[in-house]
1. Local charge sum around LEU109 (other residues, Cβ-Cβ under 9 Å, Lys/Arg +1, Asp/Glu -1)?
2. Under a Cβ-Cβ cut-off of 10 Å, what is the net charge of the residues other than GLU183 that fall near it, where Lys and Arg count +1 and Asp and Glu count -1?
3. Neighbour counts of other C-beta atoms within 10 Å: give me SER259, SER181 arranged from fewest to most.
4. Starting with the fewest neighbours, write out SER260, SER235, SER221 ranked by other beta-carbon atoms found within 10 Å of each beta-carbon.
5. Hey, fewest Cβ within 10 Å first, where do LYS6, LYS250 land in order?
6. Where the centroid of each part is defined by its Cα atoms, how far is segment 130-188 from segment 75-120 in Å?
7. Add +1 for every Lys or Arg and -1 for every Asp or Glu among the other residues with Cβ under 13 Å from the Cβ of GLU37, and state the total.
8. Rounded to whole Hz and in sequence order, give me ³J(HN,Hα) for segment 22-27 from the Karplus expression 6.51 cos²θ - 1.76 cosθ + 1.60, θ = phi - 60°, writing x for Gly and Pro.
Amino acid sequence: MATNSKIEWTTHTFNPWIGCTEVSPGCAHCYARDMMERRYHRVQWGMGQPRSRTTADYWKQPARWQRQAQANGQRERVFCASLADWLDDEVPIDWLADLLTLVAATPHLDWLLLTKRIEHWSDRLQSVSRLTHDGAAIASTWLEGNAPVNVWLGTTVEGQQQAHDRIPMLLEIPTTLRFLSCEPLLEAINILQYLPTVTDAKGTCGLEPNRLHWIICGGESGKEARTFDLQWARSLREQCQAAGMAFFFKQTGAYAIDSSQLHPVQRSLQDPKGGNITALPEALQVREMPLPLLQSAPVGHSRNQKYVPLLIKEVL
């Protein structure tokens, strides 16, 4: 459970609890299940199995990151629940309330809340809103349309069916920034209908309401990794370029091919996940980050309709 994360697109990872249930094809070779259930025997994966809440001391870490970010005058990104799903409906609802309270208490951290259960957002937050808990007001405010300003909301899209099922629901939820994790990407997907239009000659665009703003793409790692075609990644990047939108290519995974050249992609033993960006074809040496101008909004306050930051790309 890394603090300074090895995941290239975040600063830290934070797991409020551990455990999950497989819900879609992308879950088939879940690294979190393999690690926490089979290797460390920390939890049992699956429906009806209890989730394991992390320790009180561990929960204090984001407060330290908050103080560090504030002292440095910068923002840090926190990927939440790399070993779970923050909208898992088998998690005790007061745990979710505690998480929302923590997010609100750390306004210098941008919380990347990624889920495969985007359809549970309303029901879960409504359940929190009925509690006698500090998180109840946060949930109620979000349900009313004012999202926590430091939340980036994302959903996993591993194939075209998940794109059709999940993206429309994501677009209906108010949030500062919306993103997709297309990892592991299992087939070519077309998401042009959900992407913003370029609004100026420089290729930047506003964070328009009900639009996507960032895509992470990558292949599957591990011994049982499914085939990943670099052409799928090229297609996604081209779609993002057409929209002036940030694109982040994370890794080729353990078994990649390039159908444009009809042969497997070679990996080194030192780089089993295919994450060495300099070894990739030039068109895929792209790791862009969307940076909302949060300084223009009161830190720690809910976003309102007057706060629409520009999309700025930081190339890592």
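1. 0
2. -1
3. SER259, SER181
4. Going from sparsest to densest Cβ surroundings: SER260, SER235, SER221.
5. LYS6, LYS250
6. Rounded to whole Å, the Cα centres lie 10 Å apart.
7. +3
8. Once rounded to whole Hz, the list reads 5, 10, 7, x, x, 7.
Where a number appears in this text, it was derived from the coordinates with a stated rule and is not lab data. Just so it is clear, the structure is predicted and the values come from calculations on it, not from any experiment. Ideal geometry is used to build each Cβ from the backbone, glycine not excepted, and the neighbour counts take in all protein chains shown.
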